[in-house]
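Okay, so here's the structure we're looking at.
The values are calculated or read from the model by the stated rules, or taken from the named source; none is laboratory data. In this text the structure is predicted, and so the values were computed from the model without any measurement. All Cβ positions, glycine included, derive from the backbone under ideal geometry; neighbour counts span all protein chains shown.
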Amino acid sequence: MIPETRSVFEEGQVLLFDKPLYWTSFDLVNKVRIIIKSSLGIRNIKVGHAGTLDPLAGGLMIICTGKATKRIDEFRDLDKEYIATIRLGETTPSYDLETEVTGNYPIDHITEENVRTALRSFIGERQQVPPAHSAKMIKGKRAYEFARKGITKEMLPVTVFFRDIELLSFELPEIKTRLLCSKGTYIRSFARDLGIALGSGACLSALKRTAIGPFTVDNAYTIEKFENFIKEMKQNQ
């Protein structure tokens, strides 16, 4: 019974997961690996993900097992869709709520039409500076390793592409947007840049990735559902 189920994951599976809030991407990969190994008696199995999510972000992650890990780069290149809640009038060093608010700015002048106009200006190709508190590699280390020690490093801009941006709600001091963008886009940096474009400041207060290419979070496993799925596979063989 178990050997056949085991081979399914060793030969390679592409799995969709809804990452819990506050988990790191590694936490999710490690948990999936542990479930597969402990449930199926596999000593070693490759498990990897096709694109990280910050701990303060939830939503879709693609996780590959076994031989399917060779396909990871294929999924990394796909466009991503996000639902982002942005708090206007406040800035933080990390551009989200991981760090304390260090700047306060007026928002009385901001109208819904201002926001819609600013959002339209982002559509297309643009240069974006990644957050210092990010996993961007700098001389073999993650940028956040320097930032957390108070060491300032120059963050070089990267080319990103916004295919679509939609305003979902306008309730100051927060707005909610849907964004469809290229790989490598930092939504935290988008929040910072939007604040500047509005003549104020801004930071990301909530984020969920809802799609990667044709894959959607609606079809994703939670950890609990995945554990039950493994149990049912074993019982039905």
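Couple of notes before you dig in:
- Restricting 31, 37 to those that are surrounded by 15 or more Cβ atoms within 10 Å (Cβ to Cβ) and free of Cβ contacts under 8 Å to residues at least 12 places away in the same chain reduces the list to 37.
- Condition met for residue 115 (modelled with pLDDT of 95 or more and in contact with a Cys (Cβ under 8 Å, 6 or more places away or on another chain)): no
- Where helices (runs of 4 or more DSSP H) fall wholly inside the stretch 1-111, the ranges with 2 or more residues that are more than 26 Å from residue 212 (Cβ to Cβ) and either charged (D, E, K, R) or modelled with pLDDT of 95 or more (or both) are 2-11.
- Evaluated against (1) free of Cβ contacts under 8 Å to residues at least 12 places away in the same chain; (2) surrounded by 18 or more Cβ atoms within 10 Å (Cβ to Cβ), residue 43 falls short on exactly one condition, (2).
- Looking only at residues of the stretch 153-199 that are within 15 Å of the chain's Cα centre (by Cα) and aromatic (Phe, Trp, Tyr), we find that the one that is surrounded by the fewest Cβ atoms within 10 Å (Cβ to Cβ) is 186.
Yes or no, residue by residue, for (1) touching a Gly at 6+ places or on another chain (Cβ under 7 Å); (2) small (Gly, Ala, Ser); (3) farther than 20 Å from residue 162 by Cα:
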| residue | (1), (2), (3) |
| --- | --- |
| 44 | no, no, yes |
| 64 | yes, no, yes |
| 80 | no, no, no |
| 91 | yes, no, yes |
| 104 | yes, no, yes |
| 115 | no, no, no |
| 120 | no, no, no |
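- Among all residues of the stretch 5-14, there is at least one that is of a type in the set (Lys, Arg) and outside the structural domain of residue 167 (by TED's automatic domain parsing).
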